[in-house]
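Undergrad: Have a look at this one.
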Ligand code: ADP
Ligand code: MG
């Protein structure tokens, strides 16, 4: 059924820049009991500014130059920041010959015979590169300042550490408070960033849970693990035939009708890194200003004000389902 109620609800969303891909997304949203948010570009503006530049085995310029060389082909907001800053300083950026993005971790590249790594402490260590005590001190300095940190290494040597600052979206606190007032819990922050940065953000908004240093796959697992039922593909046939509807707090949520998992979580994210979590969530909500990949993975895309329509969306979904049933 494509009832008039759905059409009416969609009408009320007109002008908010919300794109709903099919009526079942709205129906599934009515059964959502939890929300999980990505940090960078979702709760924050994603308009990064360069923070502290901490050269260790190079000059500040060499540090930025090496980082920009490796980041040229990354679409990550941190990469765009580094490339922009190098250009602003008229630094010569060599063409990278090999480039690999490590989602939620950083990038590796080679240029003119040198190997460059830019990313998290974990990525650097995974490459077998030792972090000198000064690098660890630099990471602590950036943690204390609430800055996202990037370690830059060239040919196995840590050149230095770069910091980046982001701004919380002004509407984030109110939107989260409104969702909680609608009975949504947990309202979780899931981020690949360090826990100090995650905590600094969490202090300013009414989240109920914070999970830091999560890889994209771990975000997806968290989202899927909150499901009241396992994914349909993973279920025994006996279970499938007996459980054609699944109880939720609303008691009228039928995730099996949608062909997706019964996850009770809506995941809101933007970056290419978030596609797995968007896909595993009961409802994936993509910030439209993010990547096309995220927009494709989302059931709902917010093209206008990125967070503001969320409480209205939840209310409309519940009203719509009440009218249909
Ligand atoms: P978030 O969960 O805040 O959106 P991501 O999962 O995109 O963060 O990234 C997690 C961390 O991985 C970043 O804080 C950064 O340290 C590192 N990282 C990710 N992408 C890049 C990149 N292109 N260059 C350098 N570091 C990166
Ligand atoms: Mg992200």
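Undergrad: Suppose R0 equals 45 Å. What FRET efficiency, 1/(1 + (r/R0)^6) with r the Cβ-Cβ distance, do residue 157 and residue 16 give to the nearest 0.05? List each step's numbers first, then the result.
TA: Working: r = 51 Å, r/R0 = 1.12.
That pair, residue 157 with residue 16, gives E of 0.35.
Undergrad: Still on this structure: Modelling each spin label as a point 7 Å along the Cα-to-Cβ direction, I'd like the residue 114/residue 218 distance in nm, to one decimal.
TA: 3.1
Undergrad: Set the Förster distance to 41 Å, then compute FRET efficiency between residue 137 and residue 296 from the Cβ-Cβ distance, nearest 0.05. Please list the in-between numbers first.
TA: On the way: r = 42 Å, r/R0 = 1.02.
Here the calculated transfer efficiency is 0.45.
Undergrad: Please report, largest first and rounded to whole Å, the three semi-axes of the ellipsoid equivalent to segment 49-165, where each semi-axis is the square root of five times an eigenvalue of the C-alpha gyration tensor. The partial results should precede the final answer.
TA: Values: eigenvalues 69, 51, 35 Å².
For segment 49-165, the semi-axes come out at 19, 16, 13 Å.
Undergrad: Now a separate question. Say each of residue 98 and residue 181 gets a label point 7 Å from the Cα, pointing the same way as Cα to Cβ; how far apart are those two points in nm?
TA: Here the modelled spin labels are 5.5 nm apart.
Undergrad: Taking 0.36 nm per intervening residue step and subtracting the Cα-Cα distance, what contour gain separates residue 144 from residue 210 on full extension?
TA: Values: separation 66, 0.36 × 66 = 23.76 nm, distance 1.76 nm.
Additional length available on full extension: 22.0 nm.
Undergrad: If I take every Cα pair under 8 Å that is 6 or more residues apart in segment 56-117, average their sequence separation and divide by the length, what percent do I get for the relative contact order?
TA: Working: 84 pairs, mean separation 19.3, N = 62.
Over segment 56-117, the number comes to 31 percent.
Undergrad: Defining a contact as two alpha carbons under 8 Å apart and six or more residues distant in sequence, what relative contact order in percent does segment 49-165 show?
TA: 31 percent.
Undergrad: I've got another one for you. Test of understanding: extend the Cα→C-beta vector of residue 315 to 7 Å, then name every residue of segment 199-217 with backbone N under 20 Å from that spot.
TA: Flagged as within label range: 206.
Each value in this text was obtained by applying a stated rule to the coordinates, not by laboratory testing. If you're wondering where the values come from, they're calculated on a predicted model, not measured in any experiment. Positions of Cβ are generated from backbone atoms using ideal geometry, with glycine treated the same way; all protein chains shown enter the neighbour counts.
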